[in-house]
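A.B. asks: Before I ask anything, here is the structure I am working with.
The values are calculated or read from the model by the stated rules, or taken from the named source; none is laboratory data. From a predicted model like this one, the values you see are computed outputs, not experimental measurements. Cβ placement follows ideal geometry from the backbone for every residue including glycine, while neighbour counts extend to all protein chains displayed.
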Amino acid sequence: MKAILISLSTVAVLASSAVYASAQDQVAYVDDRSDGPALVRSLYNAINRHEYARAYSYFSEPADSYESFVQGYAKTVDVQVLTGSVTQEGAAGSIYAPVPVAIKSTEKGGKEKIFAGCYITRIANAAIQEPPFSPLLIESAELEKVAGPLENALPKICHPPS
């Protein structure tokens, strides 16, 4: 009987590992901090690949603990993101890029949710930084659940911080 229990547990562990491996195999790895929209797309790439530590690292000061962040995506199986036009603005030695986004989140069981809003990305002037270098990061995010198709949810413009 013990041999059967051990075998069943091994199968369960291998099956759950296969789910994560197949999600990672199906979605190419993207880690691009070249501009605000690329950073936001990289965030959702990490979430789609279940690489939550990488996703969490894109925020300069995450609003939640890492555990809460991961729990927030526990039911998520896929995220699609659209980004809109970005106008960069400099202020106090930093470059801010407000990124309009529309997001479709699909949960286990197929339930879909649409969110829209803005991510504010920021990088300190790279020419004046001292080590360790701080790359482009997400400074803040304001998203709201909205109705309608993803394509119609994208905000026209986002404003930089004042």
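A.B. asks: As an exercise: evaluate residue 120 against (1) at pLDDT 95 or above; (2) over 19 Å from residue 41 (Cβ atoms) and give the number of the one condition it does not meet.
C.D. replies: (2)
A.B. asks: Residues that are within 18 Å of the chain's Cα centre (by Cα): find the strands (runs of 3 or more DSSP E) completely inside segment 79-155 holding 3 or more of those.
C.D. replies: Numbers: elements: 89-91, 94-107, 112-124, 137-146.
By residue number, 94-107, 112-124, 137-146.
A.B. asks: Among the residues of segment 57-104, what is the count of those that are within 28 Å of residue 152 (Cα to Cα) and hydroxyl-bearing (Ser, Thr, Tyr)?
C.D. replies: So the answer is 7.
A.B. asks: How many of the residues in segment 91-108 are among the small types (Gly, Ala, Ser), touching a residue at least 12 places away in the same chain (Cβ under 8 Å) and farther than 15 Å from residue 81 by Cα? It would help to see each step written out before you state the result.
C.D. replies: Our first condition is that a residue be among the small types (Gly, Ala, Ser); within segment 91-108, this holds for 91-94, 97, 102, 105.
Narrowing further to those that are touching a residue at least 12 places away in the same chain (Cβ under 8 Å): 91, 93-94, 97, 102, 105.
Remaining after also requiring farther than 15 Å from residue 81 by Cα: 91, 93-94, 97.
So the answer is 4.
A.B. asks: For the structure I just gave you, tell me whether residue 70 is closer than 21 Å to residue 35 by Cβ, touching a helix residue (DSSP H, G or I) at 6+ places or on another chain (Cβ under 7 Å) and either of a type outside the set (Phe, Trp, Tyr) or without any contact (Cβ under 8 Å) to a residue 60 or more places away in the chain (or both).
C.D. replies: Values: closer than 21 Å to residue 35 by Cβ: no; touching a helix residue (DSSP H, G or I) at 6+ places or on another chain (Cβ under 7 Å): yes; either of a type outside the set (Phe, Trp, Tyr) or without any contact (Cβ under 8 Å) to a residue 60 or more places away in the chain (or both): yes.
It is false that residue 70 is closer than 21 Å to residue 35 by Cβ, touching a helix residue (DSSP H, G or I) at 6+ places or on another chain (Cβ under 7 Å) and either of a type outside the set (Phe, Trp, Tyr) or without any contact (Cβ under 8 Å) to a residue 60 or more places away in the chain (or both).
A.B. asks: Turning to a different aspect of this structure: Hey, among 92, 127, 97, 147, which residue is of a type in the set (A, V, I, L, M) and surrounded by 11 or more Cβ atoms within 10 Å (Cβ to Cβ)? Show your work before the answer.
C.D. replies: On the way: 92 fails: surrounded by 11 or more Cβ atoms within 10 Å (Cβ to Cβ); 127 fails: surrounded by 11 or more Cβ atoms within 10 Å (Cβ to Cβ); 147 fails: surrounded by 11 or more Cβ atoms within 10 Å (Cβ to Cβ).
The conditions single out 97.
A.B. asks: For residue 40, are the conditions met, namely being of a type outside the set (Asp, Glu), part of a helix (DSSP H, G or I) and at negative phi?
C.D. replies: Answer is yes for this residue.
A.B. asks: Condition (residue is outside any strand (DSSP E or B), modelled with pLDDT of 95 or more and at positive phi) applied to segment 50-72: is it met by at least one residue?
C.D. replies: Yes, because at least one residue in segment 50-72 is outside any strand (DSSP E or B), modelled with pLDDT of 95 or more and at positive phi.
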